[in-house]
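> Could you have a look at this structure, given as C-alpha cells, before my questions?
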Amino acid sequence: MAEAKDALSPVAVQAPVTAARPVRADLEDRLPKPYLARALAAPDVYHPEGTRDHQHYQMSVLQQHVAFFDLDDNGIIYPWETYAGSRALGFNVIVSLFLAIVINFAMSYATLPGWIPNPLLPIYVHNIHKAKHGSDTGTYDTEGRIANKFWWIILYALARDEEGYLPREAMRRCFDGSLFEYIAKQREVYDKVE
C-alpha cells in the first residue's frame, strides 16, 4: 500500500528539483482535467477556457497559426498574403518579401491537394501538416503545438514588451494559435500611439 502512495508523490527524493519546483495542488480546482492535452485551445489557471473571443474553427493550433496569413479566409495562402501578414507582424518590406517567397516556395508543393505544382505557390491551410519535415527540428509536435528553442527566440523577438519581457499572454497564445492576431493588434495600438 505504501508503494502505491509513493507512486502518486510529486516529489522524488533523488531529484531535489522536484521539491524545489512543486506541482500546484489546486490545478484540478481551477482547470478541468489539467493533464489533458488540448488540440484547439491553451487553457491555464487564469484562462480555463483558453483565449477569450478567439475563433479556432476546429483547426489544429498549427492550422490556426498559418490561417492568420489567409487574409481572404478561403483556406489558401498566396505569397502576397504572406507578405501582408508579415508586414502586420512588424517586419519591414525587404524581410516580408523574403519571407513571402521562401515560406510559400518551401511549403506550397507539400500542401497542394494534387501532384501538379502551382506557379502561384499557394499554401493550403487544411494540408499544412504535410509541410512538417524531418529537419524542422520538432518545431511543432504531433498535436501542432510549438516545441523548439529557435521558435521561442523568434517569439521573444516578435512579442516582447517595451521592458524586454515576454508576456505570459503571448506565450499562452503561442500555444493556442491566436499569437499572430495578438501581435498584430498590439502593433496597431502601438502605431496609433506614435
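The values are calculated or read from the model by the stated rules, or taken from the named source; none is laboratory data. From a predicted model like this one, the values you see are computed outputs, not experimental measurements. Glycine gets a Cβ as well: all are built from the backbone with ideal geometry, and neighbour counts include every protein chain shown.
> For the range 74-111, which residues satisfy the criterion of being crowded, with 21+ Cβ neighbours inside 10 Å, of a type in the set (A, V, I, L, M, F, W, C) and in a helix (DSSP H, G or I)?
ALA100, ILE103, MET107, listed by residue number.
> Select from the range 47-62 the residues that are in contact (Cβ under 8 Å) with a residue 24 or more places away in the chain and either surrounded by fewer than 13 Cβ atoms within 10 Å (Cβ to Cβ) or touching a Phe, Trp or Tyr at 6+ places or on another chain (Cβ under 6 Å) (or both) and list them in ascending order. Spell out the reasoning first.
Start the filter on the range 47-62 by keeping residues that are in contact (Cβ under 8 Å) with a residue 24 or more places away in the chain, which leaves 47, 50-51, 54, 56, 59-62.
Correct list: LEU62 only.
> Is it fair to say HIS65 is touching a Leu at 6+ places or on another chain (Cβ under 6 Å) and in contact (Cβ under 8 Å) with a residue 40 or more places away in the chain?
Working: touching a Leu at 6+ places or on another chain (Cβ under 6 Å): no; in contact (Cβ under 8 Å) with a residue 40 or more places away in the chain: yes.
Against the criterion (touching a Leu at 6+ places or on another chain (Cβ under 6 Å) and in contact (Cβ under 8 Å) with a residue 40 or more places away in the chain), HIS65 does not qualify.
> Which members of the range 52-73 meet the condition of being over 23 Å from THR111 (Cβ atoms) and either part of a helix (DSSP H, G or I) or at pLDDT 80 or above (or both)?
Correct list: empty.
> Which of the residues spanning the range 21-46 are assigned to a loop (DSSP other than H, G, I, E, B), charged (D, E, K, R) and surrounded by 13 or more Cβ atoms within 10 Å (Cβ to Cβ)?
Here is the first cut: in the range 21-46, the residues assigned to a loop (DSSP other than H, G, I, E, B) are 21-26, 31-46.
Within this subset, residues satisfying the condition of being charged (D, E, K, R) are 21, 24, 26, 33, 38, 44.
Of everything in the range 21-46, those that are assigned to a loop (DSSP other than H, G, I, E, B), charged (D, E, K, R) and surrounded by 13 or more Cβ atoms within 10 Å (Cβ to Cβ) turn out to be ARG38, ASP44.
> Does GLY85 satisfy the criteria of being at negative phi and modelled with pLDDT under 90?
Numbers: at negative phi: yes; modelled with pLDDT under 90: no.
Spelling it out, it is not the case that GLY85 is at negative phi and modelled with pLDDT under 90.
> With the checklist (1) more than 20 Å from ALA147 (Cα to Cα); (2) touching a Leu at 6+ places or on another chain (Cβ under 9 Å); (3) at pLDDT below 80 in hand, flag the one item TYR35 doesn't pass.
(1)
> Would you check which residues across the range 121-153 are loosely packed, with under 12 Cβ neighbours inside 10 Å, among the β-branched types (Val, Ile, Thr) and either at pLDDT 75 or above or closer than 18 Å to SER86 by Cβ (or both) and list them? First the steps, then the outcome.
The initial filter retains those residues of the range 121-153 that are loosely packed, with under 12 Cβ neighbours inside 10 Å, namely 133-135, 137, 142, 149-150, 153.
Next, only the ones that are among the β-branched types (Val, Ile, Thr) stay: 137, 142, 153.
Hit for the range 121-153 is ILE153, nothing else.
> Would you mind stating whether THR18 is within 19 Å of TYR182 (Cα to Cα), part of a helix (DSSP H, G or I) and among the hydroxyl-bearing types (Ser, Thr, Tyr)?
On the way: within 19 Å of TYR182 (Cα to Cα): no; part of a helix (DSSP H, G or I): yes; among the hydroxyl-bearing types (Ser, Thr, Tyr): yes.
Considered against the rule, which asks whether it is within 19 Å of TYR182 (Cα to Cα), part of a helix (DSSP H, G or I) and among the hydroxyl-bearing types (Ser, Thr, Tyr), THR18 comes out as no.
> Kindly establish whether LEU8 is of a type outside the set (D, E, K, R), surrounded by 13 or more Cβ atoms within 10 Å (Cβ to Cβ) and either without any contact (Cβ under 8 Å) to a residue 60 or more places away in the chain or under 21 Å from ALA170 (Cβ atoms) (or both). First the steps, then the outcome.
Working: of a type outside the set (D, E, K, R): yes; surrounded by 13 or more Cβ atoms within 10 Å (Cβ to Cβ): no; either without any contact (Cβ under 8 Å) to a residue 60 or more places away in the chain or under 21 Å from ALA170 (Cβ atoms) (or both): yes.
Criteria not met by LEU8.
> Could you check TYR165 against (1) modelled with pLDDT of 80 or more; (2) exposed (fewer than 13 other Cβ atoms within 10 Å of the Cβ); (3) of a type outside the set (Val, Ile, Thr); (4) not in a loop (DSSP other than H, G, I, E, B) and say which number it fails?
With respect to (1) modelled with pLDDT of 80 or more; (2) exposed (fewer than 13 other Cβ atoms within 10 Å of the Cβ); (3) of a type outside the set (Val, Ile, Thr); (4) not in a loop (DSSP other than H, G, I, E, B), TYR165 is out only on (4).
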